[in-house]
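For reference, the structure discussed in these notes is given below.
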Amino acid sequence: MSKILLSSALLLSFGSTLAMAQVQRQPQLQPHSGTEAEHRACVRDVSRFCRAVMDQGDLTVLACLQQYRPKISKACNQVLLSHGQ
């Protein structure tokens with residue numbers, strides 16, 4: 001009986017350690033600045049031109065959008081202008 005309890009405790013301990021390791025490997029989502037409307041205005045442009053840097057923070061995405069400024073939508077360009085960019 002004690003072997004069963006010990007085995008169960010070890011399995012539970014290992015399982016929780018494994019679960020914690022999996023949670024720690026997931027990328028942390030960073031909060032974004034701007035309003036929901038501003039996000040909607042730029043989401044297609046970010047997806048189209050800046051997909052590779054989307055997880056690197058707002059400043060990196062902003063730099064990417066500025067790089068593609070001639071190609072981004074008028075709505076997204078207006079968002080950048082309204083923030084002095």
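The values are calculated or read from the model by the stated rules, or taken from the named source; none is laboratory data. Treat the numbers as computed from the prediction; the structure is a model and nothing was measured. So basically every Cβ, Gly included, is an ideal-geometry build from the backbone, and we count neighbours across all protein chains shown.
Of the helices (runs of 4 or more DSSP H) lying entirely inside the stretch 1-73, those containing at least 1 residues that are under 21 Å from the mean Cα position of the chain (by Cα) and either more than 30 Å from GLY84 (Cα to Cα) or at pLDDT below 90 (or both) span 2-25. Restricting attention to the stretch 44-56, the residues being surrounded by 12 or more Cβ atoms within 10 Å (Cβ to Cβ) and either closer than 13 Å to GLY34 by Cα or of a type in the set (D, E, K, R) (or both) number 4.
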